[in-house]
């Protein structure tokens, strides 16, 4: 018996060691490694591998494209059902409509204010570095067809945007992934469930269970994240290389500099002042989500990981994040607003169009409003940019000039977009007493998010 007991005790000890070794390589590490390897691989393919069947057909437009887009589609597959169920559960759990209204108003105010600040930062940085002065127009590839396409895009009025929030057919909105109507309908359903109480207990339970299913599905899909990130970046840099960046260096510096200032100064001040938490701890815990958003260039695909990270790593009540994060992915586009601000200064200087205080105020207002209802998908900022340009009489050819390098900037501003969503969520949750500071301050909290283990019950 003593021997058997001894064996029973020693067997788990032997199996624990390899498990601990495997844990060292979490999701965060794998994403960063895939990100770096993808950039290196793309550059190698662009400069060292000759054009032809192998490079272009087999790898760039074949393997890299299929795996990369396949992964994005998997994430997008999760977005609508996850957002809908999360918001229904969040609204139903909050219960008090007054509290829900308070959370909604605070969230909207912070989102609008941060976007307006973002545009102001971009305009300031743009005027300081003057990205449009001294640029050789002949060195820039101009796609006139693209500018015509953008110019032909219909401007959506504020009235249409507001009315578009209310779905005429909720099923159609769910099917098409139109997020604002989805959010509105989900809130409505959640509030009704809360009002009915016990009468709708079974429906409430259904949505909670379905939400758990979607979160588990997210964990499974995230196993493929490093492969998707690698292929997405490999294809991007294989197509672009670095040659297209050289004539536009000042413009890129303006956009990237504004993004850094807004992310590391404005957001950190908001966290320190309004949420009263350690900004450095936030950055440490959120950097993997930023890397994921950078590689995918889509806010919507990042929603599941964003909610999970805020919940497990920062102690934010899921009832708050399930409302604020999907809403932010739809209406809070600080990174996009920054790009629009710098693009306005760049184009105005390039074409010699004078802009005064009135025009700058118009840009701030238009860019802020243009972010509302913008879809969280790659390169959508170029579409809304036409609205901003039209508001101050800038030629749409300026948009065509920056399209060639927009992909890499789109990746960077997406990372800022989703960071803004998380910062505002932390602020609102803290003010509503729904942020567990002990979890936020714990550097080891949420290790299961990094590992993304599939738990089998």
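Points to keep in mind about this one:
- Matching residues, the range 259-285, being surrounded by fewer than 22 Cβ atoms within 10 Å (Cβ to Cβ) and closer than 27 Å to residue 224 by Cβ: 283, 284
- The single condition among (1) at pLDDT below 85; (2) buried (at least 22 other Cβ atoms within 10 Å of the Cβ); (3) over 30 Å from residue 190 (Cα atoms) that residue 347 does not meet is (1).
- Candidates 69, 76: the one that is within 15 Å of residue 235 (Cα to Cα), within 20 Å of the chain's Cα centre (by Cα) and either modelled with pLDDT of 85 or more or assigned to a helix (DSSP H, G or I) (or both) is 69.
- Listing of helices (runs of 4 or more DSSP H) fully contained in the range 141-252 that carry 3 or more residues being at pLDDT below 90 and farther than 28 Å from residue 90 by Cβ: 144-152, 225-240
The values are calculated or read from the model by the stated rules, or taken from the named source; none is laboratory data. Since the model is a prediction, treat every value here as computed from it, not as a measurement. Quick reminder, even Gly has a Cβ in these numbers, built from the backbone with ideal geometry, and neighbours come from all protein chains shown.
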